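Trainee: One structure, pasted below without further comment.
Bear in mind these aren't lab numbers, they're just calculated from the coordinates by the rules spelled out. Fair warning: this is a prediction, and the values are worked out from it, not measured in the lab. A quick note on method: Cβ atoms are made from the backbone with ideal geometry, for glycine too, and the neighbour counts reach across all protein chains shown.
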Amino acid sequence: MMSCLQSWPEPVVRVQHLSDSGIRVIPERYVKKPSDRPSFCDSVSGEVNIPVIDMKGLYSEDASVREKTAEMISGACREWGFFQVVNHGVRQELMGRAREAWREFFKLPLEEKQKYANSPTTYEGYGSRLGVEKGISLDWSDYFFLNYLPLPLRDQNKWPALPLSCRELVGEYCREVVELGGRLMKILSTNLGLREDYLQEAFGGEEFGACMRVNYYPKCPQPDLTLGLSPHSDPGGMTLLFPDENVSGLQVRRGGDKWITVDPVPNAFIINIGDQLQVLSNANYKSVEHRVIVNSEKERVSIALFYNPRGDMLIKPADELVTEERPPLYPPTIYDEYRLYMRTRGLRGKSQVESLKSLQ
C-alpha cells in the first residue's frame, strides 16, 4: 500500500503563493460543489459555543468541585466531542512564542520553505494537500507536519531551521502540550469507568504517538466557494488545538447539517475526540466532524497536536465497555492501517470510522 504513496500525483501548488499573487478568482480545483460550500445560512454563530472547562477544578480541595469538573468533561465528550480548556498548565507565553515562530516561518521566501517540501510517504514537512488521488478537490491551506513521539520517529533536522528559535520552541511546546494530553487521558479513562491508565496503555503506554500540524490559511478572494479544511473527523486519538484567537474559522457539525463556528477563548486549547477514542470507548465518546472556513481579509495560523496510539497498536473497544446490550461496534484495527486510508483518499467526513461498523 505504501508504494503508491511515494510522490504526489500532480505538481503541488502552494496556496499562500496563489493568495499572494493577487488572483481574484480561485482555481477550479479549490471550488467545492454547492452542497459542500460554507453557505452562511447553515452555520450557527454567537449564541452557541462548545463547552469551556476550567481545569483548575480538577485539582480543587473540594471533592464536589473535582467531581463537577470531571462530569463537565464527560458530558462534553459524550454530547459534543469537543470542548475548550482554560487553566490547562501550558505556559501562555510559550504558546504565544510558538505561534509567532510559525507565522514567521510561513512568511519566509518560498525557496526556504521548499527545503522542507513533504511527500505522501510520511507527510512530514511543508505540505499543501491531503490524499494522493489524482484530480481530487483541494483545500485552501498550507501546513507543516512533524513527528514528536515516539522518539525513533523524531528528527529535528526535518523541523524548520528558520526562524532560529523554531526548533527549540517546537520541542518545548510539544513537551508541555503532551503533558496536558496525558492528564486528559487519565480523566477520560476514569470518566468511562476504566482504570486511570487504561486509555494510555491502549495507546502504547510510554511509546504512544504525538505529532504536530501547523495550519496556515491564507486570505481567500472567494471564501464562500471553498474551505480551508474539508469536513472530517480526526483519525487519531485526541487533538489539542491552539487556534488563532483573532480570526474564527473552525466549525463543528452539530445535529445533522448545522455548523457551529467556534468562538475561541484566549489562551485556551480546543480539545476534540478522535476516531480511536470513539472505537476504544465503544462509541460512548464520539469523534465529530469539523471543517475550517477561510477569510478574505485575514490569514489564520493554528497549531494542532495529535495525541495518538503508536502506529502498530491494535485498537478495539475496551472489554469493560462491551455488554450483551452493547456489543462491540468496531472490529480490531491497527492504527497505521487506519490512518493510511485518510492519507491516501483525503478527507471524507466520518465515512471511515462509520465503515468499520459494516465490517462487524
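Trainee: Please compute the length gained on full extension between A63 and L153, using 0.36 nm multiplied by the number of residues separating them and subtracting their Cα-Cα distance.
Mentor: So the chain would gain 28.3 nm between A63 and L153.
Trainee: Which lysines does K158 reach when only Cα atoms under 19 Å apart count, and residues fewer than 8 places away in its own chain are ignored?
Mentor: Partners within reach: K107, K113, K115.
Trainee: For a quick protection proxy, order the peptides 208-218, 247-257, 62-72, 78-88 by their average other-Cβ count within 10 Å, most packed first.
Mentor: 208-218, 78-88, 247-257, 62-72
Trainee: What ranking do 104-117, 159-172, 126-139 get when scored by the average of other Cβ atoms within 10 Å per residue, highest first?
Mentor: My ranking of the peptides, most packed first, is 126-139, 159-172, 104-117.
Trainee: Expressed in nm to one decimal, what extension gain is obtained for the pair D263 and K186 from 0.36 nm per residue of sequence separation less their Cα-Cα distance?
Mentor: 25.0 nm
Trainee: Suppose R0 equals 41 Å; then what is the FRET efficiency for V31 and R91 from their Cβ-Cβ distance, rounded to the nearest 0.05?
Mentor: With a Förster radius of 41 Å, E is 0.50.
Trainee: What residues have an amide H closer than 5 Å to that of I334, excluding those fewer than 5 places away on the same chain, when H is modeled at 1.01 Å from N in the peptide plane?
Mentor: Correct list: I315.
Trainee: Determine ³J(HN,Hα), in whole Hz, for all residues of the stretch 319-325 in sequence, where each value follows from phi through the Karplus function 6.51 cos²θ - 1.76 cosθ + 1.60 and θ = phi - 60°; x replaces Gly and Pro.
Mentor: Per residue, the Karplus-derived 3J(HN,Hα) values read 3, 5, 9, 10, 9, 4, 6 Hz.
Trainee: Taking amide H positions as placed in the peptide plane 1.01 Å from N, state which residues far from I53 in sequence (5 or more) or on other chains have amide H under 5 Å from it.
Mentor: Q84, V85, V86
Trainee: Rank by packing, highest mean first: peptides 282-295, 311-324, with packing defined as the count of other Cβ atoms within 10 Å averaged across residues.
Mentor: 282-295, 311-324
Trainee: Any idea how far apart R195 and S21 come out in nm if each label point goes 7 Å out from Cα toward Cβ?
Mentor: 5.8
Trainee: Mind listing the long-range amide H neighbours of G228? Cut-off is under 5 Å, sequence gap 5 or more, other chains count too, H placed in the peptide plane at 1.01 Å from N.
Mentor: It is W140, V292, I293, V294, by chain and number.
Trainee: Could I have the simple spin-label model distance between S7 and E172, label points 7 Å from Cα toward Cβ, reported in nm to one decimal?
Mentor: So the label points at S7 and E172 sit 4.0 nm apart.
Trainee: With θ taken as phi - 60° and the coefficients 6.51, -1.76 and 1.60, list the Karplus ³J(HN,Hα) couplings across the stretch 244-253 in order, rounded to whole Hz; mark glycine and proline as x.
Mentor: 7, 6, 8, 9, 6, x, 6, 10, 10, 6
Trainee: On to the next question. Can you tell me the relative contact order of the chain? Whole percent, Cα pairs under 8 Å, sequence separation 6 or more.
Mentor: With pairs under 8 Å counted, the relative contact order is 22 percent.
Trainee: What spacing in nm lies between the two simple spin-label points modelled at E71 and I334, each 7 Å away from Cα in the Cβ direction?
Mentor: 4.4
Trainee: First check a/c for the chain, with a ≥ b ≥ c the square roots of the eigenvalues of its C-alpha gyration tensor; if it is under 1.5, answer rounded, and if not, answer prolate when a/b is larger than b/c or oblate otherwise.
Mentor: rounded
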